[in-house]
1. If I go through the range 1-49 residue by residue, how many of them are modelled with pLDDT of 80 or more, loosely packed, with under 15 Cβ neighbours inside 10 Å and not in a helix (DSSP H, G or I)?
2. Inspect the range 62-75 for any residue being crowded, with 18+ Cβ neighbours inside 10 Å, among the charged types (D, E, K, R) and modelled with pLDDT of 95 or more and give the result as yes or no.
3. Filter the range 103-115 down to the residues that are of a type outside the set (A, V, I, L, M) and touching a residue at least 24 places away in the same chain (Cβ under 8 Å) and list them by number.
4. Anything in the range 91-101 that is surrounded by fewer than 21 Cβ atoms within 10 Å (Cβ to Cβ), assigned to a helix (DSSP H, G or I), of a type outside the set (Asp, Glu) and touching a residue at least 24 places away in the same chain (Cβ under 8 Å)? List them, or say none.
5. Name the residues in the range 69-90 that are in a helix (DSSP H, G or I), out of contact with any Pro (no Cβ under 7 Å at 6 or more places or on another chain) and either small (Gly, Ala, Ser) or under 16 Å from Asp34 (Cα atoms) (or both), would you?
6. Criterion first (touching a Ser or Thr at 6+ places or on another chain (Cβ under 7 Å) and modelled with pLDDT of 95 or more) does Leu52 satisfy it?
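The values are calculated or read from the model by the stated rules, or taken from the named source; none is laboratory data. As the structure is a prediction and not an experimental result, all values here were calculated from the model. Reconstructed Cβ throughout: ideal geometry from the backbone, glycine too, with neighbour counts over all protein chains shown.
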Amino acid sequence: MGLLDQAMGAMSGKGAQQGAQNPIMSAVLGLIGDQQTGGLAGLIQRFQQNGLGDQVASWVGPGQNLPVSGGQIEEALGSEKVEQLAQTSGCSREQVSNGLAETLPQVIDRLTPDGQLPDGDALTSGKLGALGKLFSH
């Protein structure tokens, strides 16, 4: 089992489906871990290119995270990507885009505590595992 799998496994949902994997967190980790699209840096660049530079800068930098809407997420990622994530997660497109809008700012903020993007080695060696703690409370 790889580190990414361990991190996703650590992020179980609470409530009626105790132990079930959180599908939105799985989608977030999939986006961040997708080296074909540039991983975290590629994801941030995609948001910047689609008019969300101020929001992304707030997530990476210190201070309050600016909000983003589900519609903005879908526009930045593309409807095909959101549909793919919806099919993979078993959620609706709206649930995925709104869930990503709520979760991505927090995740990116946690992955960039010093206001800098981690290098690939730092990202895979422990920071993804720390995300489980963020969403297990």
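1. Matching residues across the range 1-49 total 2.
2. Checking the range 62-75: at least one residue is crowded, with 18+ Cβ neighbours inside 10 Å, among the charged types (D, E, K, R) and modelled with pLDDT of 95 or more.
3. Quick first cut of the range 103-115, residues of a type outside the set (A, V, I, L, M) only: 103, 105-106, 109-110, 112-115.
Listed by number, the residues that qualify are Thr103, Pro105, Gln106, Asp109, Arg110, Thr112, Gly115.
4. At the first step, the residues of the range 91-101 found to be surrounded by fewer than 21 Cβ atoms within 10 Å (Cβ to Cβ) are 91-95, 98, 101.
Okay, now just the ones that are also assigned to a helix (DSSP H, G or I), so 93-95, 98, 101.
Then drop every residue that is not of a type outside the set (Asp, Glu), which leaves 93, 95, 98, 101.
Within the range 91-101, Gln95, Asn98, Ala101 meet the criteria.
5. Let us first name the residues in the range 69-90 that are in a helix (DSSP H, G or I), namely 70-77, 79-89.
Filter once more, so that each one left must be out of contact with any Pro (no Cβ under 7 Å at 6 or more places or on another chain): 70-77, 79-88.
Those that are in a helix (DSSP H, G or I), out of contact with any Pro (no Cβ under 7 Å at 6 or more places or on another chain) and either small (Gly, Ala, Ser) or under 16 Å from Asp34 (Cα atoms) (or both): Gly70, Gly71, Ala76, Leu77, Ser79, Glu80, Lys81, Val82, Gln84, Leu85, Ala86, Thr88.
6. On the way: touching a Ser or Thr at 6+ places or on another chain (Cβ under 7 Å): no; modelled with pLDDT of 95 or more: yes.
For Leu52, the condition - touching a Ser or Thr at 6+ places or on another chain (Cβ under 7 Å) and modelled with pLDDT of 95 or more - is not met.
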